[in-house]
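Worksheet: one structure, shown below.
The values are calculated or read from the model by the stated rules, or taken from the named source; none is laboratory data. No experiment lies behind these values; they were computed from the predicted model shown. Cβ: placed from backbone, ideal geometry, glycine included. Neighbour counts: every protein chain shown.
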Amino acid sequence: MEIIAPILIVLATVAAMEWVAWASHKYIMHGFGWGWHRDHHEPHDNVLEKNDLYAIVGAAMSISMFALGSEWVLGASAWWPATWIGLGILFYGIIYTLVHDGLVHQRYFKWVPKKGYAKRLVQAHKLHHATIGKEGGVSFGFVFAQDPAKLKAELRRQREAGEAVVRDSAGA
């Protein structure tokens, strides 16, 4: 029974991190943090992007939680759930790296899914990149992907309302 609480904390943290990632992406990366995120939306031949600095922020969050949960660091003041929260953040970071950087942007391996949820993830994120600039946009999450048809309809609405500049190739 002692293992159930840590497992639930890790799973809840991984799920919560999708919301944290969505909110960070929408309001920070496409807001005041656009300076780091911009090169991710523009063509380039660089191996690394300024956008990769956000991975360091995520790592710092995870490391901080490990420190808060460590008796080696805080002694009797350590908060045991923090260790498991830190592990959940780490797991989310691994999932993000494999899905976003690996599968969607093909930075680590070349595989284009032809069907299923993996295809939906790729389509949703490609539609996120359909806008020019930081205004408007759809699909700010990384692991839970909406129906691409709904995303295209929202892009079309944003273009017609003048809320976003949408690339012609987006089909919206």
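Remark: pairs (first residue in the stretch 65-80, more than 20 Å from Tyr92 (Cβ to Cβ); second residue exposed (fewer than 13 other Cβ atoms within 10 Å of the Cβ); Cβ separation under 6 Å; 6+ apart in sequence or on different chains) = Ala78/Glu71.
Here Val99 clears all of (1) at pLDDT below 95; (2) farther than 22 Å from Glu135 by Cβ; (3) not in a helix (DSSP H, G or I) except the condition numbered (3). No other residue among Ala78, Ala67, Ala55 is among the hydrophobic types (A, V, I, L, M, F, W, C), within 17 Å of the chain's Cα centre (by Cα) and either surrounded by 12 or more Cβ atoms within 10 Å (Cβ to Cβ) or modelled with pLDDT under 95 (or both) apart from Ala55. Determine whether Tyr108 is modelled with pLDDT of 95 or more, of a type in the set (Ser, Thr, Tyr) and under 27 Å from Thr131 (Cβ atoms). Criteria not met by Tyr108. Looking at Lys134, is it in a helix (DSSP H, G or I), charged (D, E, K, R) and touching a Gly at 6+ places or on another chain (Cβ under 8 Å)? Answer is no for this residue. Take the residues of the stretch 90-107 that are under 10 Å from the mean Cα position of the chain (by Cα) and among the aromatic types (Phe, Trp, Tyr): which is surrounded by the most Cβ atoms within 10 Å (Cβ to Cβ)? Selected residue: Tyr92. Scanning the stretch 135-165 for residues that are closer than 17 Å to Lys26 by Cβ and crowded, with 16+ Cβ neighbours inside 10 Å yields a total of 14.
Of the residues making up the stretch 112-128, just one is surrounded by 11 or more Cβ atoms within 10 Å (Cβ to Cβ), over 20 Å from His25 (Cα atoms) and either of a type in the set (A, V, I, L, M, F, W, C) or touching an Asp or Glu at 6+ places or on another chain (Cβ under 6 Å) (or both), namely Ala118. Test of understanding: among Ala12, Ala21, Ala60, which residue is free of Cβ contacts under 8 Å to residues at least 60 places away in the same chain and not charged (D, E, K, R)? Going through Ala12, Ala21, Ala60 in turn, just one is free of Cβ contacts under 8 Å to residues at least 60 places away in the same chain and not charged (D, E, K, R): Ala60. Here Glu154 clears all of (1) part of a loop (DSSP other than H, G, I, E, B); (2) out of contact with any helix residue (DSSP H, G or I) (no Cβ under 6 Å at 6 or more places or on another chain); (3) without any contact (Cβ under 8 Å) to a residue 24 or more places away in the chain except the condition numbered (1).
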